[in-house]
1. Would you compute, for the Cα atoms of the range 320-437, the largest minus smallest coordinate along each principal axis and list the three values in descending order, in whole Å?
2. Distance from the Cα centre of the range 327-364 to that of the range 217-233, in angstrom?
3. Can you give the local net charge around ARG234? Use residues other than it whose beta-carbon is closer than 12 angstrom to its beta-carbon, Lys and Arg +1, Asp and Glu -1.
4. Return the FRET efficiency for the residue pair ALA563, LYS251: r is the Cβ-Cβ distance, R0 is 60 Å, and the value is rounded to the nearest 0.05.
5. Mind putting together the pair-distance distribution for the range 86-243? All Cα pairs, 10 Å bins, whole percent per bin, short to long.
6. On a full-extension model of 0.36 nm per residue, what is the gain between ASP213 and ASP120, subtracting their alpha-carbon distance, rounded to one decimal in nm?
7. Note down the net charge around ALA202, summing +1 for each Lys or Arg and -1 for each Asp or Glu among other residues with Cβ under 13 Å from its Cβ.
8. Considering only the other residues whose Cβ falls under 11 Å of the Cβ of TYR294, what net charge follows from Lys and Arg at +1 and Asp and Glu at -1?
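Quick note: the coordinates plus some simple rules give every number you see, no bench work behind them. Since this is a predicted model, take the numbers as computed values, not measurements. Using ideal geometry, Cβ is built from the backbone for each residue, glycine included, and neighbour counts are taken over all protein chains shown.
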Amino acid sequence: MSKAQAFFNRALKGGEVAPRARAVGPGVGSMVSSRPRRGRLAAPLLLGTFLLATTAALSFPFAFAAQEATDEGDSGICEEDGVSAHDAYDLGETLIRDVMRNANATNEYLDVLADISDSDFHLERTFLSPGSLRALASVRRWMEDAGLRTWLDSVGNLHGRLEQEGEYRDDARVLLLGSHIDTVVDGGAYDGTLGIVSAITAVKNLKLRLDSDASLGLRRPVEVIAFSDEEGLRFKSTFLGSRAVSGTFLKNGYLQATDSKGYTLASVLETVGLSNSEEDIAKIAMRREDLYGYVEVHIEQGPVLQSLNQPVGVVSAISGQTRMYVQVDGFSGHAGTVPMDQRRDTIAASAEMITRIEDKCNEFPLSRENMLVCTVGEFNVFPGASNVIPGYANFSVDIRCKDDAMRGEVVSLVKRELLQISKRRKVECEIQMKHSAESCQSSPTFTESLRRGILGAHELVGRYEEAREKSRKTGPPDPDPDPGGQGEGESLLWDMNEATVPVIASGAGHDALAMSEVTPIGMLFVRCRDGISHSPLEHVEPRDVTVASLSLYQFLVSEALLAA
């Protein structure tokens, strides 16, 4: 075995995954620092080392799996059929402390992943990069510590499932949880990863609750998925991982997509030891009748929860999204010799196009009410010399709206405007449609269950704070006085009541959007400082992370447990 293969096998078996990443093992739950996560470190593997290491991928203890068919039906179980999320007073103080400790461990998991990157200078993990594979190695270890059976599928999604022997007490349709392991370039430490690790700690607490009471059983299997790609940075197509699970990967032709170096997605899968056959990728897709639903925890990426002074909220709907790439071809020339009226300047043409996009979105009727937003976030020019008239340019266009009909009208309007400008300026304009996703409504069942889950978390925290205060006044010295990680003299409790649980819409697309094509979805948003995301300044308070894990745990109590 080569040194490279030994290193990679050690990472996947739970050994060191990054030189400066802290190992988190069973029972972790000590108080964490509220320092901003650095979002860097963990130097990338050399390409040669990576290629050698990944040739052993098929021998790893993962099983490429297709989900087996089960019975069909729709989500819609009432609370009285399951265990109430408001069961804090049914738990002993020791169990409550263990639940708090596991929930707080979510912060330590986030710290570890923040230090696993492909860059020494910022946080960056793209589709199946060395950093992404090392991050998945850590996630797999945490999944198994939580009691989950794990496997890696053919597009690099990591699955972990909580099962039980014998028949389930409701049905065998699986409840999916998860989010994405990839990041944007120079991204933050919470986008995507928060949804993965909070799901792991919530399921770990669910198993703890299950094991503590012989009268309880699983209503259905629960599965956590760390999707390999959501941001779409490498292949300019979002939701690669979740589209494989939802069954829409192949029809979008993603295997033939190319990255900036000309490598196809199919060749990248082959390079890292995964199957690029359409037959194997088709097996990843889960059928509607096999699924109970999909629920995702995600940072809000906006300022609403902060303005409401609430740590978490429930998502009612996700805006639809259209992503296009515009290529503008003109003619390069000398900056000093070509008259202005004879130029075919692609920067000047593109600048007018971009301004027109902004103007039309601002002017469109009811744009604010329907959360219509238009963004040009990427711009490239060639040859890029100060004394040369640019002959080629391209830029991205991102259009989002809660109303799909309005979004369609705006997309058509933008196309017409760009073509008119290109004709007048005598440049060629090609508009490529890269991604389109309809808006979706959250499942009313999950919306209500998540709302109850937040209330249940608040009740659980209240019970924990009561016991903590009592122990401080009357009990012996506690060797672990703050398993919730809030620090001496601080409280995890926040002001809220049943009427103040926030229910808000999402303007950002998430894996839940892709999963909505095959199953009901729900989402839990977590407050982030000043609404900042896709940035090293992205930050979530550790106590909000803990509350998010507790809320998801209480959701699972009502949706995945059933008393005999």
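1. Sorted largest first, the three principal extents are 49, 23, 19 Å.
2. Going from one Cα centre to the other spans 44 Å.
3. Values: positive: ARG125, LYS236, LYS261; negative: ASP118, GLU124, ASP182, ASP229, GLU230, GLU231, ASP259.
Every neighbour counted, the sum reads -4.
4. Values: r = 43 Å, r/R0 = 0.71.
After rounding, the FRET efficiency stands at 0.90.
5. Percent of pairs per bin, in order: 11, 38, 31, 15, 5, 0.
6. Numbers: separation 93, 0.36 × 93 = 33.48 nm, distance 4.72 nm.
So the extension gain works out to 28.8 nm.
7. Working: positive: LYS204, LYS207, ARG209; negative: GLU223, GLU296, GLU559.
My count for the surroundings of ALA202 gives 0.
8. Details: positive: none; negative: GLU223, GLU296, ASP511, GLU517.
Surrounding charge for TYR294 is -4.
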